[in-house]
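Visitor: So that we are looking at the same thing, I have put the structure below in structure tokens.
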Amino acid sequence: MAVSRRRVLAAVAGGALMGVQAPWQPVPRAERAPSDAREGAAPVPAHVSRDEIVARYEGVEPSAWGMEVPGVITALPDDRPLLALTFDACGSTGGCGYDAGLIDFLRANRVPATLFVNARWIDANPDRFEELAGDPLFEIGNHGTAHRPLSVSGRSAYGIAGTRDAGEVYDEVEANAAKLTGLLGRRPRFFRSGTAHYDDVAARIAADLGQLLAGFTVNGDAGATLTSAQVRAEVAAAPSGAIVLGHMNHPGGGTADGIAAAVPSLLAAGHRFVRLSDLS
């Protein structure tokens with residue numbers, strides 16, 4: 001079901017949460033440097049070890065928990081008619097499928113998207129991953145190592161146990177970031193945790209590791225549980241500037257047909273689709 005309009009939370013200096021620096025302006029594709037044409041490389045942070053993260057956050061207690069904690073990007077930066085489609089590939093039990101119908105539709109209609117892939121999904125779909133990573137229509141994001149909510153105290157979401165301390169947060173974020181860096185030849189820019197839940201301390205750790213945290217404005221398929229008609233209704237109602245969350249790992253669900261039904265009306269209304277990195 002559609003989530004109320006959300007805005008980008010600004011970054012704060014001096015060890016605070018890393019966010020997108022305002023103003024966030026789109027760069028026309030024709031003006032992007034060749035090295036940026038497929039996916040802008042994430043700035044690689046000065047190496048921060050697991051031990052350093054553990055020491056840095058020892059005894060720091062979280063004060064916020066959920067999908068909209070400080071540092072999580074929940075919408076594009078303004079009200080221009082831009083939309084970002086994002087699709088998760090979770091890799092959890094029953095979540096290693098590949099929705100070819102969805103990807104084929106996006107390709108046929110030249111609709112760009114940001115694809116958040118989990119380490120286990122990559123291992124189960126190495127050829128599919130290589131194909132998607134080589135397609136300039138798509139940008140690859142980090143969806144974690146074991147698809148866990150990001151917490152320093154073991155908070156869970158939807159029955160999925162979260163990381164239990166700063167060291168496990170590091171492992172969940174960095175192991176897949178390193179895996180993707182090796183496969184892509186560049187570090188992923190964006191991270192979305194399993195279930196898109198965070199506490200504020202875990203969000204700070206992810207930022208220390210150079211990851212931009214991607215939330216969402218519209219929950220387009222409710223974890224790939226909605227029918228195609230429901231997906232169409234949710235996505236077609238997306239406001240300008242929305243980040244739409246869907247899934248690309250459940251080919252038997254309603255996501256592909258719902259997206260295919262919603263996109264033409266959004267294009268007819270003057271919306272343009274972008275990848276997250278196109279505006280950062």
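Just so you know, all these numbers are worked out from the coordinates, no wet-lab data involved. Predicted model, so just to flag it, every value in this text is computed and none were measured. Please note: Cβ atoms are built from the backbone with ideal geometry, for glycine as well, and neighbour counts cover all protein chains shown.
Visitor: Within the range 220-232, identify whether any single residue is aliphatic (A, V, I, L, M) and within 19 Å of GLU68 (Cα to Cα), and answer yes or no.
Guide: So far as the range 220-232 goes, yes, one or more of its residues are aliphatic (A, V, I, L, M) and within 19 Å of GLU68 (Cα to Cα).
Visitor: Here is a further query. Inspect the range 154-166 for any residue being under 20 Å from ARG128 (Cβ atoms), buried (at least 24 other Cβ atoms within 10 Å of the Cβ) and touching a Ser or Thr at 6+ places or on another chain (Cβ under 8 Å) and give the result as yes or no.
Guide: no
Visitor: Does ASN142 count as polar (S, T, N, Q) and touching a residue at least 60 places away in the same chain (Cβ under 8 Å)?
Guide: So ASN142 fits the description; yes.
Visitor: Considering the range 237-255 alone, what residues qualify as being buried (at least 18 other Cβ atoms within 10 Å of the Cβ) and out of contact with any strand residue (DSSP E or B) (no Cβ under 8 Å at 6 or more places or on another chain)?
Guide: HIS250, GLY254
Visitor: Given the criteria buried (at least 21 other Cβ atoms within 10 Å of the Cβ), out of contact with any helix residue (DSSP H, G or I) (no Cβ under 6 Å at 6 or more places or on another chain) and of a type in the set (Lys, Arg), does ARG128 qualify?
Guide: no
Visitor: If I ask for residues that are within 15 Å of the chain's Cα centre (by Cα), polar (S, T, N, Q) and under 21 Å from PHE129 (Cα atoms), which ones from the range 239-280 would you list?
Guide: The answer is ASN249, SER277.
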